[in-house]
Amino acid sequence: PYFNALQVKFSYAITCHKSQGGQWNTVFVEQPYLPEGIDRDYIRWLYTAVTRAKDKLYLIGFKDENFEE
């Protein structure tokens, strides 16, 4: 039923909200579908997601224009 879902094998996956208060060595964050664009709630969600990583952070599906050089 979830054709565009990230498949995770031999590991654990939890939601960003469930991860609050925890940290992991490696974190994968997949860009969600944002039909109405970026808003304040999304920025809070993203902050929570990226600050869970201690060593490595992988951003999946984010567009290049979201980053500065």
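Key figures for this structure:
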| quantity | calculated |
| --- | --- |
| In region 14-32, residue surrounded by the fewest Cβ atoms within 10 Å (Cβ to Cβ) [restricted to those that are modelled with pLDDT under 85 and under 25 Å from D64 (Cα atoms)] | T15 |
| Residues within region 44-65 that are loosely packed, with under 10 Cβ neighbours inside 10 Å and part of a helix (DSSP H, G or I), tallied | 2 |
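The values are calculated or read from the model by the stated rules, or taken from the named source; none is laboratory data. Remember, predicted model here, so these are calculated numbers, not experimental data. Cβ sites come from the backbone with ideal geometry, for glycine too, and all protein chains shown count toward neighbours.
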